[in-house]
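Each remark here refers to the structure printed beneath this line.
Please treat every number below as a calculation from the coordinates, not as lab data. The structure displayed is predicted, hence computed values, not measured ones. Here Cβ is always computed from backbone atoms with ideal geometry, including for glycine, and neighbour counts include all displayed protein chains.
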2 protein chains.
Amino acid sequence: MGNLGQEVEIMLDWIANFAKDSTGGVTRLLYSKEWLNTQQGLESKMKELEFDKVYYDEVGNVFGRLEGSSFKNETILTGSHVDTVKNGGIYDGQYGIVAGILALKYLKEKYGQPLRNIEVVSMAEEEGSRFPYVFLGVKNIFNMIEKEDLIGKTDTEGIKFECAMRKSGFRFKTDDDPKRQDIKAFIEAHIEQGNVLELEKKDIGVVSSIVGQRRFIFELSGQSNHAGTTPMKYRKDTLYTSSLIISNIVGKARKYSDPLVATVGKIDITPNTSNVVPGKTIFTLDVRHTNKGILKEFTDMICEDSKKIAKENDVEIDINMWMDEDPVPMDEKIVNVLKEQCNKENVNYKIMHSGAGHDSQIMAQFVPTAMIFVPSKDGISHSPLEYTETKHLEEGVNLLINSLYELAYK
Amino acid sequence: MGNLGQEVEIMLDWIANFAKDSTGGVTRLLYSKEWLNTQQGLESKMKELEFDKVYYDEVGNVFGRLEGSSFKNETILTGSHVDTVKNGGIYDGQYGIVAGILALKYLKEKYGQPLRNIEVVSMAEEEGSRFPYVFLGVKNIFNMIEKEDLIGKTDTEGIKFECAMRKSGFRFKTDDDPKRQDIKAFIEAHIEQGNVLELEKKDIGVVSSIVGQRRFIFELSGQSNHAGTTPMKYRKDTLYTSSLIISNIVGKARKYSDPLVATVGKIDITPNTSNVVPGKTIFTLDVRHTNKGILKEFTDMICEDSKKIAKENDVEIDINMWMDEDPVPMDEKIVNVLKEQCNKENVNYKIMHSGAGHDSQIMAQFVPTAMIFVPSKDGISHSPLEYTETKHLEEGVNLLINSLYELAYK
């Protein structure tokens with residue numbers, strides 16, 4: 001298995017080449033020409049590898065399958081999403097597909113037919129980069145798509161979702177299309193998209209849960225005044241008040257123990273002129289934790305604090321929570337399979353949570369699910385600068401092979 | 001003098017009409033058609049009022065003069081600037097010119113020839129709204145203009161300063177042009193541009209000093225990271241660090257006694273995306289005080305604080321002070337003349353500083369100078385919404401008349 005790392009890299013480059021953009025990054029938006037070429041390329045590749053069955057579902061997820069000999073109604077699934085953000089890298093999503101295809105190839109070569117079916121899926125969409133809708137691929141597998149949420153939605157060029165889908169040759173499920181009942185486990189390999197593994201010098205992350213998220217928009221209204229002629233006591237300064245609120249929120253988040261994270265990533269002030277007191281400030285807040293209770297407790301507390309600070313500074317505040325997603329625990333049994341394989345092979349791993357969203361968080365609502373993380377250099381993702389070392393790419397695929405073997409051949 | 005307030009309003013409207021813009025505001029940029037029409041209109045008006053002499057200087061300041069009978073080399077000057085910001089109001093600058101013209105008209109009618117010359121000036125430029133240069137008018141009076149600072153400078157349409165000036169019929173001074181030596185006092189009437197008089201229910205402000213200003217750009221560099229996958233302890237969050245710095249600066253400014261003001265009016269962060277930790281934050285700081293020592297002490301202190309806060313948060317900081325203007329005290333003798341006249345007439349006045357810059361701060365470097373403020377409704381200026389009540393317009397002119405009488409007739 002010595003050249004497996006190189007094999008992964010060759011296949012990642014090959015997939016990337018279907019959708020290289022002018023800056024050297026990868027741009028593969030749902031139902032674009034690049035997207036369709038990639039799915040068809042993967043289809044051909046899996047046929048060439050003589051998987052027992054290669055097929056598309058309604059929305060364009062493409063599956064490759066090794067048939068099981070004994071448990072014909074039980075499928076162990078792996079894979080990830082094929083779409084990228086605009087000007088993304090060659091690893092995000094794509095690594096999980098490559099890892100899956102190479103795992104199936106290797107298992108078939110070395111062990112022949114499994115007891116249970118094994119499938120790898122290249123899912124149509126996860127990022128929401130073209131249309132304002134996320135997790136399209138995995139949602140279709142479990143009949144979770146409501147047509148009404150998609151019909152009429154347009155991309156930045158005004159193209160409607162249903163037109164783009166139809167043009168690529170795909171369609172919505174109808175009531176006659178069955179929901180998959182045969183999937184008994186899902187393992188997704190993915191880059192970490194953070195810098196924890198790198199900083200803690202770990203080669204593999206075994207994901208035990210995916211964080212819940214609450215996202216807010218804070219809007220503060222005060223009064224725009226001349227910076228020279230308005231004494232401090234007569235001001236209603238929304239940026240000063242926001243700076244008190246932001247330093248309180250982030251300061252408290254720093255004192256909370258991991259895995260709580262709180263980020264103010266976007267701020268816009270009016271009129272944004274150096275000699276005018278800002279009369280309006282709008283900023284975002286993104287808070288994540290693996291425990292729903294703590295997430296609620298923390299955000300409730302800082303919302304109360306913020307209202308108090310605004311009142312003390314004679315500034316009006318409006319706090320709008322527009323996203324409230326629960327944390328998703330991974331399946332204990334599958335996590336244990338991954339851990340045992342790591343221990344057996346002396347892998348330098350870490351049990352960790354995922355701070356980013358993944359197809360696995362939808363999958364986990366229907367089937368026992370877990371994830372394998374490989375390190376991201378400098379924590380970078382969604383950028384042409386994404387990079388994972390060859391040896392880590394290889395270790396991730398090895399762990400996937402061993403774990404699929406445990407689940408499908410025993 | 002009962003209709004003086006109305007007379008002021010009529011003349012303000014008349015001047016505004018030379019330069020009304022499409023929104024109903026006034027836009028009178030240096031050497032524009034509107035500007036030239038206004039100066040020529042004022043020239044005609046002063047000739048019509050039979051002032052003894054009406055004349056332009058080299059750059060286009062227009063003066064109206066009552067000749068003194070005894071002290072022919074001593075001139076008491078009043079007036080202000082005729083130019084406006086883009087989409088300004090009818091009061092800023094213009095009120096000082098109207099007040100001066102009406103004061104001369106009234107003094108001539110009631111008291112005849114003064115002992116000293118009295119002049120009113122409509123100064124060409126103060127705001128810097130067309131070319132990146134301020135105080136052109138007053139600087140020309142004292143031969144302070146360096147041609148090199150202006151030649152080649154362009155407006156937003158690419159028109160060069162010297163072309164615009166020549167087209168209006170004006171020119172730079174040469175070495176042969178004398179510096180004015182005859183001006184013995186200057187009084188400028190102006191709207192407050194703040195809300196202190198209004199909030200403290202005062203009718204008149206007697207300005208005792210103009211603040212010094214220090215302006216800074218703070219640039220903080222950290223690391224842009226994924227908001228979900230980067231634990232708090234591994235972040236270099238420049239917006240959080242900036243919020244600590246801003247709340248420290250403004251918080252301390254609030255605790256300092258008046259007249260210290262500190263304003264962060266502009267902030268820009270990168271990448272300014274809700275789910276990314278901001279890797280770069282740039283914000284401005286504007287600090288003003290009437291005492292140079294306190295201004296230095298405060299800004300030195302908060303710069304030290306800011307560097308310490310940045311270091312504690314593992315963020316790099318660069319602080320650039322790009323403006324350092326000293327405070328300018330008004331002349332005690334002229335301030336006393338204004339005070340005495342207020343007391344004599346039972347004016348409800350306040351001795352105050354100016355937080356904004358004015359022609360008087362240049363004038364005061366050469367001649368004894370003071371200012372009269374009238375209240376600005378809601379503190380608004382540089383906007384079509386500028387407004388000063390009729391009775392306040394009248395009280396300002398009355399005080400100017402009485403003070404000019406004291407200085408020129410005794």
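Listed values, structure above:
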quantity	calculated
Chain B: most fluctuating residue of B:M301, B:M352, B:M123 per GNM, C-alpha cutoff 10 Å	B:M301
Per-peptide average of other Cβ atoms within 10 Å, ordering B:47-58, A:234-245 highest first	A:234-245, B:47-58
Angle in degrees between helix A:292-312 and the longest Cα principal axis of chain A, rounded to the nearest 10	20 degrees
Two-decimal ratio, the range B:1-71, of alpha-carbon radius of gyration to 2.2 N^0.38 Å	1.30
Relative contact order computed over the range A:212-325 (Cα-Cα under 8 Å; 6+ residues apart), in percent	46 percent
Three principal axis lengths of chain A [C-alpha, angstrom, descending]	81, 49, 41
Averaged over A:234-242, number of beta-carbon atoms from partner chains that fall within 10 Å	5
Label distances, nm, A:E50 versus same residue in remaining copies, Cβ-directed 7 Å point	11.8
Shortest-first nm distances, A:E312 label point to equivalent points in other copies (7 Å, Cα→Cβ)	1.6
In Å, descending, principal axis extents of the Cα set of the protein assembly as shown	122, 50, 49
Candidates B:P278, B:P327, B:P368, ranked by Gaussian network fluctuation over chain B, Cα under 10 Å, top entry	B:P278
log10 of Debye I(q)/I(0), alpha-carbon scatterers only, for the range B:212-325 at 0.14, 0.20 Å⁻¹	-0.56, -0.99
Inter-chain shielding of A:197-205 (mean C-beta neighbours from other protein chains, 10 Å cut-off)	1
DSSP-defined beta bridges in the protein assembly as shown - what % are antiparallel, rounded to 5	65 percent
Rounded to 10°, Cα long-axis angle of helix A:390-408 versus longest principal axis of chain A	60 degrees
Distances in nm from A:R166 to the matching label points in the other copies, shortest first (labels 7 Å along Cα to Cβ)	6.7
Rounded to 5, percent antiparallel among DSSP beta bridges of chain A	65 percent
Peptide A:212-221 - average C-beta neighbours from other chains (10 Å radius)	1
Estimated 222 nm signal from helices in chain A, with DSSP H stretches of n ≥ 4 weighted -39500 (n - 2.57), rounded to 500	-11000 deg cm²/dmol
GluC sites (Glu not before Pro) within the range A:312-410: DSSP coil, no more than 16 neighbouring Cβ in 10 Å	A:E345, A:E389
For the range A:211-240 and the range B:358-410, distance of Cα centres in Å	32 Å
Local electrostatic count at A:Q193 - Lys and Arg +1, Asp and Glu -1, tallied over other residues with Cβ under 10 Å	-3
Loop GluC sites (Glu not before Pro), the range B:158-239, which have at most 15 other Cβ atoms in a 10 Å radius of their Cβ (DSSP)	B:E200
Cross-link table B:K139/B:K391; A:K47/A:K110; A:K252/B:K233; B:K184/B:K292; B:K339/B:K391, entries beyond 22 Å C-alpha to C-alpha	B:K139/B:K391; B:K184/B:K292
Cβ-defined net charge surrounding B:D359, 10 Å radius [Lys, Arg +1; Asp, Glu -1]	-2
Chain B: relative contact order in percent, alpha carbon pairs under 8 Å with at least 6 residues between	22 percent
The range B:25-96 and the range B:111-146: distance between their alpha carbon centers, rounded to Å	9 Å
Charge tally in the Cβ shell below 14 Å around B:E332, where Lys, Arg are +1 and Asp, Glu are -1, B:E332 excluded	0
